[in-house]
Amino acid sequence: MTTVSGDFELTMDELRVVARFVAETAQRILPAFEEMHPDDPRPRVAVDSAWTFVNGAPRTKLQRMASLDARRAAKESSTEIARLAARSAGDAAAAAYLHPIAQASQVGHILRAAASAARIAELQADGDPACGTRAIEEACRRATPTLIDVLSRYPVAPATKTRVSQLQAALDASLRAAHSRAR
């Protein structure tokens, strides 16, 4: 089995589990981007490239380029919702290249899309934080033991002032607590 090494090892199967979690989220919120920018295929291509990897293809330049293109689409987006959806698509494609280095910044590659989905839920409900909380709870239910095990190899990412970061920290804490209880 192929592994990537750094401060610890990640197998291709583990990377596919992470990519699946992120791609499922990104695919679910992708319509929020496409409604605002129907002629921009870049985030859709990124999600499709993530699924190509998840479904067994080797990780290639396809995922790297699609991720960068989706991030460019995010920067050009006209609304916060569209920006978050496009960035999540970029995260899905980039998940194939999660680095096995003990840096808190890597946690964003695992959880930022789910946190962005929670923020989108809040924005679509006129800022209701209960909607974000429900989205975080849903993401926790979707997280597999393998995903949580991979997450636990990384340091906790600190919450910054942004709402997405705060939601990511809440998701991170919930998943790590579940991992601790399971041991």
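Worth pointing out:
- Cα-only Debye scattering, the chain: base-10 log of I(q)/I(0) at q = 0.13, 0.15 Å⁻¹: -0.60, -0.80
- With R₀ fixed at 30 Å, the C-beta to C-beta distance from Met36 to Ala57 puts the FRET efficiency at about 0.50.
- Here region 113-182 is described by how far its Cα atoms reach on the three principal axes: 36, 23, 18 Å, from widest to narrowest.
- By a 1.4 Å probe calculation restricted to protein chains, Asp69 has an accessible surface near 60 Å², given to the nearest 10.
- Accessible area in the full protein assembly, largest first, 1.4 Å probe, for Tyr97, Tyr154: Tyr97, Tyr154
- When the alpha carbon gyration tensor of region 72-114 is reduced to an equivalent ellipsoid, the three semi-axes, largest first, read 22, 10, 8 Å.
- Linear extension gain, Asp149 paired with Arg134, 0.36 nm per residue minus alpha-carbon span: 3.1 nm
- With contributions of -39500 (n - 2.57) from each DSSP H run of at least four residues, the per-residue ellipticity at 222 nm computed over the chain stands at -23500 deg cm²/dmol.
- Over the C-alpha trace of region 1-40, radius of gyration and Dmax come out as 15.3, 42 angstrom.
- Translational D in µm²/s for region 93-138 (Stokes-Einstein at 10 °C, 1.306 mPa s, Kirkwood Rh from C-alpha pairs): 137
- Overall size of region 7-74 from C-alpha positions, given as principal axis extents largest first: 40, 23, 22 Å.
- Taking only the C-alpha atoms of region 55-136, the Rg (one decimal) and the largest Cα-Cα distance, Dmax (whole number), read 14.0, 41 Å.
- Relative contact order (%) - criterion: Cα under 8 Å, at least six apart; region: the chain: 23
The values are calculated or read from the model by the stated rules, or taken from the named source; none is laboratory data. Remember, predicted model here, so these are calculated numbers, not experimental data. As a convention, Cβ positions derive from the backbone with ideal geometry for all residues, glycine included, and neighbour counts pool all protein chains shown. To get the accessible areas, we keep the full protein, side chains included, count just its heavy atoms, and leave off ligands, DNA and RNA. Shrake-Rupley method; radii C 1.70, N 1.55, O 1.52, S 1.80 Å.
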